[in-house]
Amino acid sequence: MTQTDLPLPLYQHIASHTIQQLEPAWLQLEKGSERIIQVGGAWQYYCQQMPQAGQQASDVFDVLIAMLPISESFELPQVQLQDGKYTDIFGLCEPHHDWLLFCDVTQNTLNIQQYHQISNDFILLKAQMKQTLHRYIGHEVSERIAQGEMQLDAAGERKTIATLFVDIRGFTPFNERHDAQMVMQTLNDYMNGMLPAILQHHGMVDKIMGDGVMAVFGVLPSENHCCLDAFHSAKQIIQAIYTLNQHRLSSGLEQLGIGVGIASGEAVLGILGSHERRAFTAIGRHVNLAARLESNARVGEILIDKTVHQTLGQSHAFTAVTLTLKGIGQSDVFSRILPCIHGDD
Amino acid sequence: MIQKKICILGAAGVGKTSLTAQFVYSKFSEKYLSTMGVKIDKKVVTVDDTSVNLMIWDIHGEDKYKKITNSYLRGSAGILTVIDGTRAETIQTAYEILERVHRDIGKIPNIFLLNKHDLSDAWDINEQALAELKKYGNPIYTTSAKTGEHVDSSFQKLTKMLIKP
Ligand SMILES: Nc1nc2c(ncn2[C@@H]2O[C@H](COP(=O)(O)OP(=O)(O)OP(=O)(O)O)[C@@H](O)[C@H]2O)c(=O)[nH]1
Ligand SMILES: [Mg+2]
């Protein structure tokens, strides 16, 4: 925008407002050289000692080493001249003199840095999650296929399986209260408590969704019934979290609880991806039921459907309850609560 | 004393700032503070009796929305292109950056650093990717800003390439 587009008082208002924010300081240089002729502006923002006429500009500012003389105009955005202080530096080529202009952009840069940090933390977190996922699904499955222990039909195999959902209660508010690094570390600790318990009972991690896991039993070979494997896995998961919470309590960290839902039925197992990176997905009516049970489970609670309960028999101390499940309606299900969080006694 | 400017380039979070901190201050931190713009450090490096004052430009990570301003590269004598060995996708970013460097300021000496080598469990660079990288004909070092593995030697090597082409 040029001056003529805007009435002079308005132009001046904007100019003085902007200049005030930028705290500019400048050096006039001998044409085609880096010798300082004149100095002006708010140098206290950029260096301890004000540059002097006669000095070489790159002797005063390391950042200018190899940048001078100014053969063509340039802009160096967001240079950290001091810790936590950001400066835009402009080199301007004019017919008779060259100029260096310094503008303070600290405030603006720090504002952007917050978003920048969140998005970059997220990139690292996502990569870490992908690796966990690959380690627990991709690798496991491809190994077993390679060893002929398991056969897969890409068109979708029908099988009776048990599906287990588990998630961390209160993780969203926890996430909002703490910085990304802390959240990442905590999530990892809880995942490390849950995932081995699934694998040890021949379960397969189907998905990791933020703070929750979906696992299927009855796909990988096992001597036990899939419902029994899923139940033992759930017990072991809660036990592992109970132990983890013990450590967290004694380190003065917040304890988080988990809830589990298990349902069983026939499912179509499909394969996503190809070649080395095969990953499953299980599709069946009971999968949705298992997810609903998990979202109704209280801290330390295992909720199972009728089918799982019938298979387990009476000996596992479940209590019959009737719940209204979203999208499903009134359901007779079974509940058992195990210790998961330590009291602060 | 000879002064040389070098730039450290690569995708976000690959360890550019950590490598610089390890090289200049022998320090490492697990905490990630993403770089905005550029920060300049210096260190005197001696190769075969010649002392070089190395100006190290630690530049912000490149991503889809934030490309590296090419005026940062002005006057640069050499570059270290950093790849996160636990994230193979950062190789692609390295290639894209390098192509722009070649286009904008020409073929200056470059070394590839495959960083975070201490995280061997999570290593994500396979033989094929490595073979591809070798085609560039630039030296490749596996480094760790955490343990210090190959950090000094890679800066030393680049300095050597700058003064004895
Ligand atoms: N284990 C390990 N972690 C590393 C290594 N190098 C960097 N990190 C970690 O990786 C994260 C990012 O490191 P930075 O050095 O800030 O990465 P950067 O490339 O400067 O990132 P941007 O400035 O955002 O582009 C930090 O949490 C570091 O602690 C390494 O060699 N080993
Ligand atoms: Mg950085």
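The values are calculated or read from the model by the stated rules, or taken from the named source; none is laboratory data. Predicted model only: the values in this text are computed from it and were never measured. Reconstructed Cβ throughout: ideal geometry from the backbone, glycine too, with neighbour counts over all protein chains shown.
When the residues of the stretch A:104-118 are filtered to those that are surrounded by 14 or more Cβ atoms within 10 Å (Cβ to Cβ) and at the interface with chain B (Cβ under 9 Å from one of its Cβ atoms), the one that is farthest from residue B:31 (Cα to Cα) is A:105. Annotation: residue B:58 fulfils all but one of (1) at negative phi; (2) of a type outside the set (Phe, Trp, Tyr); (3) loosely packed, with under 15 Cβ neighbours inside 10 Å; the unmet one is (3). Step by step: first the residues of the stretch B:14-35, then only those that are surrounded by fewer than 22 Cβ atoms within 10 Å (Cβ to Cβ) and of a type in the set (A, V, I, L, M, F, W, C), then the one that is farthest from ligand 1 (Cβ to nearest atom). Which residue is that? Of everything passing the filter in the stretch B:14-35, B:24 is farthest from ligand 1 (Cβ to nearest atom).
Residues checked against (1) in contact with a Ser or Thr (Cβ under 7 Å, 6 or more places away or on another chain); (2) hydrophobic (A, V, I, L, M, F, W, C):
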| site | (1), (2) |
| --- | --- |
| A:13 | no, no |
| A:18 | no, no |
| A:65 | yes, yes |
| A:75 | yes, no |
| A:89 | no, yes |
| A:93 | yes, yes |
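Considering the stretch A:82-98, the residues that are touching a Phe, Trp or Tyr at 6+ places or on another chain (Cβ under 6 Å) and not β-branched (Val, Ile, Thr) include one that is surrounded by the fewest Cβ atoms within 10 Å (Cβ to Cβ), namely A:92. Of the residues B:136, B:141, only one is of a type in the set (Phe, Trp, Tyr), modelled with pLDDT of 95 or more and more than 16 Å from ligand 2 (Cβ to nearest atom); which? Testing whether each residue is of a type in the set (Phe, Trp, Tyr), modelled with pLDDT of 95 or more and more than 16 Å from ligand 2 (Cβ to nearest atom) leaves just B:141. On the stretch given as the stretch B:20-49, residues that are more than 7 Å from chain A (Cβ to nearest Cβ), more than 18 Å from residue B:77 (Cβ to Cβ) and of a type outside the set (Ser, Thr, Tyr) total 7.
Just one of the listed residues (B:67, B:116) is within 14 Å of chain A (Cβ to nearest Cβ), of a type in the set (Lys, Arg) and more than 11 Å from ligand 1 (Cβ to nearest atom), namely B:67.
Residues being among the aromatic types (Phe, Trp, Tyr) and either under 24 Å from residue B:105 (Cβ atoms) or assigned to a strand (DSSP E or B) (or both) are entirely absent from the stretch A:44-54. Taking first residues from the stretch B:22-34 that are closer than 19 Å to residue B:149 by Cα and partners that are within 8 Å of ligand 1 (Cβ to nearest atom) and small (Gly, Ala, Ser), the Cβ contacts under 8 Å between residues at least 6 apart in sequence or on separate chains come to B:22/B:145; B:27/B:21; B:28/B:18; B:28/B:21; B:28/B:145; B:29/B:18; B:29/B:21. Which residues, taken from the stretch B:128-153, are more than 21 Å from residue B:22 (Cβ to Cβ) and not in a loop (DSSP other than H, G, I, E, B)? B:128, B:129, B:130, B:131, B:132, B:133, B:134, listed by residue number. Within the stretch B:88-113, the set of residues being outside any helix (DSSP H, G or I) and more than 14 Å from chain A (Cβ to nearest Cβ) comprises B:106, B:107, B:109, B:110, B:111, B:112, B:113. Looking only at residues in the stretch A:219-252 that are touching a His at 6+ places or on another chain (Cβ under 8 Å) and either in a loop (DSSP other than H, G, I, E, B) or of a type in the set (Asp, Glu) (or both), the one that is nearest to residue A:281 (Cα to Cα) is A:220. The set of residues in the stretch B:87-111 being in contact with a helix residue (DSSP H, G or I) (Cβ under 8 Å, 6 or more places away or on another chain), modelled with pLDDT of 95 or more and within 16 Å of ligand 1 (Cβ to nearest atom) consists of B:91, B:111.
The set of residues in the stretch A:45-62 that are surrounded by 11 or more Cβ atoms within 10 Å (Cβ to Cβ) and more than 26 Å from residue B:44 (Cβ to Cβ) comprises A:45, A:50, A:53.
Do we have residue A:202 as at pLDDT 85 or above, surrounded by 15 or more Cβ atoms within 10 Å (Cβ to Cβ) and either on the phi > 0 side of the Ramachandran plot or out of contact with any strand residue (DSSP E or B) (no Cβ under 9 Å at 6 or more places or on another chain) (or both) here? Here the answer is yes, as residue A:202 does meet what is asked.
Looking only at the stretch B:1-16, which residues are within 13 Å of ligand 2 (Cβ to nearest atom) and in a strand (DSSP E or B)?
B:7, B:8, B:9, B:10, B:11
With respect to the conditions (1) away from ligand 2 (no atom under 13 Å from the Cβ); (2) in contact with a helix residue (DSSP H, G or I) (Cβ under 7 Å, 6 or more places away or on another chain), residue B:19 lacks only one, and its number is (1).
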